[in-house]
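Enquirer: Structure below; questions to follow.
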Amino acid sequence: MQKSAEPRRAAFIFVFITVLLDMLALGIIVPVLPKLVVDFLAGDTARAAEIYGLFATAWALMQFLVSPLHGALSDHFGRRPLILLSNFGLGLDYILMALAPNLWWLFVGRVISGISAASIATSYAYVADVTPPELRAARFGMLGVAFGAGFVFGPALGGLAGNIDPRLPFWIAAGLAAEGAAGGLRVAQRQPARRARAAALAAAVAGARQRELSLQSRPCQPADRQRSLHDVPLRF
């Protein structure tokens, strides 16, 4: 039971860290994005407020439209590939926003960010898939902790980095998203080895059990009675 729980625990840790890094990345750019918009508009704060509201609307609209698509694709191709793809998409998007030469490119970055960040529902579905029913409420609560921590510490870190350079938080966000994707790839690379060990163990136990049953089906022999399942060596 403990061995079977280890992959589930690793999968949850992967999702938890991914959500935490994603929320940190989203929170980091919150303090500096309005300043960047104002700079592009030569200090016109009234016009900047309109543009910033448009950016927020575009991001939320992409979430609304793409989240069901993410869910459907994750049902077909698997949860992990969609989450990893979203992490890579967010990383590239933050690089685009860090290098954006004008408002149009910044707007494109917000649209891509809304599309890539729509994997939140997929993360919850992944946790539901790998968590026993009696632990799901606790695991969902832990994901809520990741959301809260990202939105608490992200803006604080973004404000400090924004004092150095308004575009620095975007580079930090890109690094966090890339780290989340790299961590997911490391977990994914360990999964085949775990499955192979589990399959080898199951095959060895099944073979030992088959030999035990074949011994029991023979006519009783004194030498056979001394053999048991525990006497059969398991080699991996």
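Enquirer: Does Gly91 meet the test of being closer than 21 Å to Gly144 by Cα and assigned to a helix (DSSP H, G or I)?
Expert: no
Enquirer: Also, I was wondering about something else. Give the number of residues within segment 144-178 that are touching a helix residue (DSSP H, G or I) at 6+ places or on another chain (Cβ under 7 Å) and closer than 20 Å to Ala118 by Cβ.
Expert: Within segment 144-178, residues that are touching a helix residue (DSSP H, G or I) at 6+ places or on another chain (Cβ under 7 Å) and closer than 20 Å to Ala118 by Cβ number 11.
Enquirer: Separate question: Counting only residues that are in contact with a Pro (Cβ under 6 Å, 6 or more places away or on another chain) and within 20 Å of Phe55 (Cα to Cα), give me the helices (runs of 4 or more DSSP H) lying completely in segment 97-190 with at least 2 of them.
Expert: Answer list for segment 97-190: 136-164.
Enquirer: Would you please list the contacts, defined by Cβ atoms under 9 Å and residues six or more apart or on different chains, that run from a residue in segment 123-142 that is assigned by TED's automatic domain parsing to the domain that holds Pro68 to a residue that is surrounded by fewer than 13 Cβ atoms within 10 Å (Cβ to Cβ) and in a helix (DSSP H, G or I)?
Expert: Matching pairs, first to second residue: Ala125/Asp75; Val130/Arg9; Thr131/Ala138; Pro132/Ala5.
Enquirer: If you go through segment 51-70 one residue at a time, how many are within 29 Å of Val38 (Cβ to Cβ) and either aliphatic (A, V, I, L, M) or in contact with an Asp or Glu (Cβ under 8 Å, 6 or more places away or on another chain) (or both)?
Expert: 9
Enquirer: Let me confirm something: among Ala178, Ala161, which residue is surrounded by fewer than 21 Cβ atoms within 10 Å (Cβ to Cβ), small (Gly, Ala, Ser) and either closer than 22 Å to Asp93 by Cβ or not assigned by TED's automatic domain parsing to the domain that holds Gly91 (or both)?
Expert: Ala178
Enquirer: Among (1) surrounded by fewer than 17 Cβ atoms within 10 Å (Cβ to Cβ); (2) within 22 Å of Pro101 (Cβ to Cβ), where does Ile29 come up short?
Expert: Just one mismatch for Ile29, condition (1).
The values are calculated or read from the model by the stated rules, or taken from the named source; none is laboratory data. Owing to the predicted nature of the structure, the values given are computational and were not obtained by experimental measurement. Glycine also receives a Cβ, built like all others from the backbone with ideal geometry; neighbour counts cover every protein chain displayed.
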